[in-house]
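See structure below.
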Amino acid sequence: MPTSATSFSTGLVLCATSFSLGVLYSNWGYDYYTLWTSGPTADAFARSLQHYQTWASMPAFLYHVHHFIMGLGILGLLIKLYKPSESNKLFDGGSMFLYILGIAIYLTNLRQGAEAVLTRQWGDVDEHTGINVIAASQVFIVFTLLGVAGLQLGQYWAEWENARIVARAAAEEQKEKEQEKKSK
């Protein structure tokens, strides 16, 4: 039996996505002043740098909690793809792609950026650009996660609409059968 949009696995995906969006939202107060304002000040970059240094030096188990929750999202998507219906193939396949893309950006840009924040070794860019790369990477992750949530909600709507159409067709068919019986 295919897994529907109202299943426990969909809950895993949406909860993991929501949790990760919340983690990223907590950084927005610092990213706003460096990425979204015209002419960011040196003070804004200093606050952002200090925030990311604190973030990068958190105890490892806090990262692992987030990694575990990201893993639950992957588990939910894998469960949904186990015996796929057409809906699962389209919506959950797209969700899996976006979710994995978000994790790849997290591992390549945010985790590497956290290391750069601590060592102050920014590679080929200056410190301000490095901080903005971290901020922009989070924006990309937000877009991927919102895409996952949108696809999951779209799948729910598509299944709901399909069930409504099937129920209406069945009711009309039943009505026609009753009318045939009455006319005989």
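The values are calculated or read from the model by the stated rules, or taken from the named source; none is laboratory data. Just so we're clear, the structure is a prediction, and the values are computed from it rather than from any experiment. We place every Cβ from the backbone using ideal geometry, glycine too, and count neighbours over all the protein chains shown. All accessible areas refer to the heavy atoms of the entire protein, side chains included, with ligands and DNA or RNA removed. Shrake-Rupley method; radii C 1.70, N 1.55, O 1.52, S 1.80 Å.
Could you tell me which of Ala163, Ile105, Ile131 has its Cα farthest along the dipole of region 4-183 towards the positive end, charges placed at Cβ (Lys, Arg +1; Asp, Glu -1), taken about the Cα centre?
Of Ala163, Ile105, Ile131, it is Ala163.
What are the ³J(HN,Hα) values, in whole Hz, obtained from phi via the Karplus relation 6.51 cos²θ - 1.76 cosθ + 1.60 with θ = phi - 60°, for each residue of region 165-179 in sequence order, with x given for Gly and Pro?
Per residue, the Karplus-derived 3J(HN,Hα) values read 5, 4, 5, 5, 5, 5, 5, 5, 5, 5, 5, 5, 5, 5, 5 Hz.
As a test of reading the structure, rank Phe19, Phe97 by solvent-accessible area (1.4 Å probe, protein chains only), most first.
Putting Phe19, Phe97 in descending order of accessible area: Phe97, Phe19.
Rounded to the nearest 0.05, what FRET efficiency do Ala158 and Tyr25 give with R0 = 25 Å and r taken as the Cβ-Cβ distance? Could you check?
The computed FRET efficiency comes out at 0.35.
Using only the heavy atoms of the protein chains and a 1.4 Å probe, how would Tyr25, Tyr156, Tyr99 rank by accessible area, largest first?
I get Tyr25, Tyr156, Tyr99, largest accessible area first.
Would you mind working out the accessible area per residue for the chain, using a 1.4 Å probe, and quoting it in Å²?
Per-residue value: 60 Å².
Applying the Karplus parametrisation 6.51 cos²θ - 1.76 cosθ + 1.60 with θ = phi - 60° to the phi angles of region 47-52, what ³J(HN,Hα) value in whole Hz is obtained for each residue in order, glycine and proline being reported as x?
Going residue by residue, I get 5, 5, 4, 5, 4, 6 Hz, with x marking Gly and Pro.
What does the helix-only formula give at 222 nm for the chain: each DSSP H stretch with n ≥ 4 adding -39500 (n - 2.57), the total divided by the residues, and the result rounded to the nearest 500 deg cm²/dmol?
Value at 222 nm, helices only: -26500 deg cm²/dmol.
Quick one: ranking Ile69, Ile131 by accessible area, 1.4 Å probe, largest first, what do you get?
Ile69, Ile131
Tabulate in residue order the Karplus-calculated ³J(HN,Hα) for region 87-96, using 6.51 cos²θ - 1.76 cosθ + 1.60 with θ = phi - 60°, rounded to whole Hz; enter x for Gly and Pro.
So the J values, rounded to whole Hz, are 4, 5, 4, 6, 6, 6, x, x, 5, 4.
For the chain, give the magnitude of the charge dipole about the Cα centre (Cβ charges: +1 Lys/Arg, -1 Asp/Glu; no others), in debye to the nearest 20.
Dipole about the Cα centre, nearest 20: 720 debye.
Computed from these coordinates, which is volume of the Cα convex hull per residue in Å³: (i) 132; (ii) 180; (iii) 204?
(i)
How charged is the neighbourhood of Phe97? Take every other residue with its Cβ under 14 Å from the Cβ of Phe97, and add Lys/Arg as +1 and Asp/Glu as -1.
Within the 14 Å Cβ shell, the charges total +1.
Please work out the C-alpha center-to-center distance from region 120-184 to region 24-50 and express it in whole Å.
Using only Cα atoms to place each centre, the spacing works out to 32 Å.
How charged is the neighbourhood of Ser9? Take every other residue with its Cβ under 12 Å from the Cβ of Ser9, and add Lys/Arg as +1 and Asp/Glu as -1.
Every neighbour counted, the sum reads +1.
Loop-only check: which trypsin sites (Lys or Arg not before Pro) in region 66-139 are DSSP coil with at most 13 other Cβ within 10 angstrom?
Within region 66-139, the qualifying trypsin sites (Lys or Arg not before Pro) (loop, at most 13 other Cβ atoms within 10 Å) are Arg120.
Under 19 Å between alpha carbons, and skipping anything fewer than 8 positions from Lys89 in its own chain: which aspartates and glutamates qualify?
Glu159, Glu161
Of the heavy-atom accessible surface of the chain (probe 1.4 angstrom), what whole percent is carbon and sulfur?
Here carbon and sulfur together make up 65 percent of the probe-accessible area.
Ser85's amide H: which non-local residues (gap 5+, or another chain) put their own amide H closer than 5 Å, with H modeled 1.01 Å from N in plane and none for Pro or chain starts?
For Ser85, the qualifying residues are Thr3.
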